[in-house]
Amino acid sequence: MTSLDASAIPQTALTFPAGFRWGAATAAYQIEGAAALHGRTPSIWDTFSHTPGKVLGGDTGDTAADHYHRMPEDVALLERLGVSDYRFSVAWPRVQPTGRGPAVQRGLDFYRRLVDTLLAAGIRPVATLYHWDLPQELEDLGGWPRRETAERFAEYAGLVAGALGDRVAGWTTFNEPWCAAFLGYASGVHAPGRTEPESALRAAHHFNLAHGLGAAALRAVLPRSAEVSLTLNLHVVRPLTPGAADLDAVRRIDAVGNRIFLDPVFHGRLPEDLVRDTAGVTDWSFVRDGDLAAAAEPVDWLGINYYSPMVVAAGGPGDLDPSAGPSPWVGAEEHVRLVPAPGPRTAMDWPVDAGGLHELLMRLHGELPGVPMLITENGAAYVDHADPAGEVHDPERIGYLHGHLAAVHRAIADGADVRGYFVWSLLDNFEWAYGYSKRFGLVHVDFATQRRTPKDSARWYADVIARGGLPA
Ligand code: IFM
């Protein structure tokens, strides 16, 4: 066991509640490949990754981990892990290439085969409808800043549910709409690469609206027993000092990083301070009567993706992250400075801090009583190599996962209703703007040969699942 985050690693075995869901997660564009096969058309990520200078090394998702062709082998890997659940995403441009009209049956067939293979292996499928791959044709019409995209999403959601609803019990509308809105339309480091602060706020609103419309469309088609959810990457924001100015910096990031989604979806309102903070960018007149009520369609659980916390202080114009180009923190960028957090870091340069996950779960437990939570992503990139014997030893990843699972266990003991945990990720994959340079997988992928090699962390996770908790 690594010394990383050792304080978070308990000395006694920790058993999770019976029925706790143990899973692994992936996303379509990051693993499928087959980008132009069987009617799939380009998504915004195909366009972006093929634009020189946007993705490290010029990498694209054209082939990725070739999961489209190797799906049975990948389900066999899940079976060896012993997971109860598998979270994957459906590629919108594979099943409804233009973002409107009838579905492409060959696209749907791939997901039918995937789901049937999972069910035959005793694994519960959890389908995410949108993990960032908007059909390019919808972006050409205006993308997420355009209201109609939310309506198109609801149609697509109903269509996929109609095709798979008889065999998929767990549904998530969106993965991390914060990234899609603010990295896609404000900082531009993700597709579609636009740097328009007002468009990012419009996009965030339309994600909330699309979530509500999509959730209603799912419920109209799915059996009553089906679960409908949303996954957010909520930010754990800590002040550099307890002073009022630094606390105000925390408030600003919390508004545009968290409450911009939590308030509409769970309370049917916009955060008043966010509206004030962003008054120089927009008057929010794109929010129409009834939109916020529509966004507040109840969910069966909230998915939480957590990797690391952030530390902020009061700062001057341009202080937030001057090295990173246009800021994603619309309305906060002139008042907030990002401070490097202390302690060990992953290969993404993200701080390792399992306490942040406990803090987040306890906050949500307090603020959203009665809403069950699932950790839909948690994991770490490290520099992994196969040794001469072909083995991949990744003690740091094991340390990271152990510490974070212990934090989840502590939150459950403290009363939080956490129903499951999905490791990000099953496979090494296309890590967005970092291309294939960052490896998050439990299973190593040699992208030249597509050979899969379970890392030590895969064996460790299989043992955790088999014993229903963490060893001492
Ligand atoms: O790879 C991503 C995933 O697509 C969304 N959540 C964060 C992961 C690691 O960056």
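The values are calculated or read from the model by the stated rules, or taken from the named source; none is laboratory data. Keep in mind that this is a model prediction, so the values were computed, not measured. With ideal geometry, Cβ positions are generated from the backbone for all residues, glycine too; neighbour counts draw on all protein chains shown. Remember, those area values only see protein heavy atoms, side chains included, never the ligands or the DNA or RNA. Shrake-Rupley method; radii C 1.70, N 1.55, O 1.52, S 1.80 Å.
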Exercise. Scan the range 414-459 for residues that are more than 22 Å from the chain's Cα centre (by Cα) and either within 16 Å of the ligand (Cβ to nearest atom) or over 20 Å from Glu73 (Cα atoms) (or both) and jot them down.
Key: Asp414, Gly415, Phe447
Quiz prompt | Restricting the range 424-452 to residues that are within 16 Å of Thr60 (Cβ to Cβ) and outside any loop (DSSP other than H, G, I, E, B), the residue that is most open to solvent (accessible area, probe 1.4 Å) | solution = Tyr434
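Do we have Leu361 as among the hydrophobic types (A, V, I, L, M, F, W, C), away from the ligand (no atom under 16 Å from the Cβ), open to solvent by less than 40 Å² (accessible area, probe 1.4 Å) and in a helix (DSSP H, G or I) here? Working first, answer last.
On the way: among the hydrophobic types (A, V, I, L, M, F, W, C): yes; away from the ligand (no atom under 16 Å from the Cβ): yes; open to solvent by less than 40 Å² (accessible area, probe 1.4 Å): yes; in a helix (DSSP H, G or I): yes.
Spelling it out, Leu361 is indeed among the hydrophobic types (A, V, I, L, M, F, W, C), away from the ligand (no atom under 16 Å from the Cβ), open to solvent by less than 40 Å² (accessible area, probe 1.4 Å) and in a helix (DSSP H, G or I).
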Practice problem: With the condition kept exactly as written, say whether any residue in the range 131-144 is on the phi > 0 side of the Ramachandran plot, part of a loop (DSSP other than H, G, I, E, B) and buried (at least 24 other Cβ atoms within 10 Å of the Cβ). | Solution: yes
Practice problem: Considering only residues that are open to solvent by 10 Å² or more (accessible area, probe 1.4 Å) and charged (D, E, K, R), look in the range 393-413 and name the one that is farthest from the ligand (Cβ to nearest atom). | Solution: Arg410
Quiz item: Which one of Ala245, Ala249, Ala279, Ala295 is away from the ligand (no atom under 16 Å from the Cβ) and under 28 Å from Ser89 (Cα atoms)?
Solution: Ala295
Quiz prompt | Residue match in the range 40-52 (condition: over 18 Å from Pro192 (Cβ atoms), hydrophobic (A, V, I, L, M, F, W, C) and open to solvent by less than 20 Å² (accessible area, probe 1.4 Å)) | solution = no
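Given the criteria touching a residue at least 24 places away in the same chain (Cβ under 8 Å), more than 16 Å from the ligand (Cβ to nearest atom), within 30 Å of Ile253 (Cβ to Cβ) and open to solvent by 40 Å² or more (accessible area, probe 1.4 Å), does Thr149 qualify?
Numbers: touching a residue at least 24 places away in the same chain (Cβ under 8 Å): yes; more than 16 Å from the ligand (Cβ to nearest atom): yes; within 30 Å of Ile253 (Cβ to Cβ): yes; open to solvent by 40 Å² or more (accessible area, probe 1.4 Å): no.
For Thr149, the condition - touching a residue at least 24 places away in the same chain (Cβ under 8 Å), more than 16 Å from the ligand (Cβ to nearest atom), within 30 Å of Ile253 (Cβ to Cβ) and open to solvent by 40 Å² or more (accessible area, probe 1.4 Å) - is not met.
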Quiz item: In the range 323-338, which residues are open to solvent by 30 Å² or more (accessible area, probe 1.4 Å) and either without any contact (Cβ under 8 Å) to a residue 60 or more places away in the chain or not in a loop (DSSP other than H, G, I, E, B) (or both)?
Solution: Ser323, Ala324, Glu333, Glu334, Arg337, Leu338
Quiz prompt | Residue count for the range 101-120, restricted to those that are open to solvent by 70 Å² or more (accessible area, probe 1.4 Å) and touching a Pro at 6+ places or on another chain (Cβ under 9 Å) | solution = 2
Exercise. Would you point out the residue of the range 157-200, among those that are over 20 Å from Arg147 (Cα atoms) and part of a helix (DSSP H, G or I), that is most open to solvent (accessible area, probe 1.4 Å)?
Key: Gly162
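Only one of these is touching a strand residue (DSSP E or B) at 6+ places or on another chain (Cβ under 9 Å), modelled with pLDDT of 95 or more, on the phi < 0 side of the Ramachandran plot and away from the ligand (no atom under 16 Å from the Cβ): Arg106, Arg87, Arg113, Arg124. Name it.
Arg124
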Quiz item: Are there any pairs, at least 6 apart or on different chains, whose C-beta atoms fall under 8 Å, with the first in the range 433-448 and closer than 15 Å to Leu81 by Cβ and the second among the β-branched types (Val, Ile, Thr) and within 15 Å of the ligand (Cβ to nearest atom), and if so, which?
Solution: Leu442/Val423
Self-check item: Test set (1) open to solvent by 40 Å² or more (accessible area, probe 1.4 Å); (2) among the small types (Gly, Ala, Ser); (3) within 16 Å of the ligand (Cβ to nearest atom) - Ala380 fails condition number
Solution: (1)
Quiz item: Can you spot a residue in the range 7-15 that is within 16 Å of the ligand (Cβ to nearest atom) and at pLDDT 95 or above?
Solution: no
Practice problem: With the checklist (1) within 17 Å of Pro326 (Cβ to Cβ); (2) touching a helix residue (DSSP H, G or I) at 6+ places or on another chain (Cβ under 8 Å) in hand, flag the one item Leu213 doesn't pass. | Solution: (1)
Quiz prompt | Cross-chain or 6+ apart pairs with Cβ under 7 Å, the range 79-102 first and outside any strand (DSSP E or B), then surrounded by fewer than 16 Cβ atoms within 10 Å (Cβ to Cβ) and aliphatic (A, V, I, L, M) | solution = Glu79/Ala121; Gly82/Ala466
Quiz item: Consider Gly390 against the criteria (1) within 16 Å of the ligand (Cβ to nearest atom); (2) under 16 Å from Val443 (Cβ atoms); (3) of a type outside the set (D, E, K, R): it satisfies all of them except one. Which criterion is unmet?
Solution: (1)
Quiz item: With respect to the numbered conditions (1) more than 25 Å from Ile375 (Cα to Cα); (2) part of a strand (DSSP E or B), which one is the sole condition not fulfilled by Pro125?
Solution: (1)
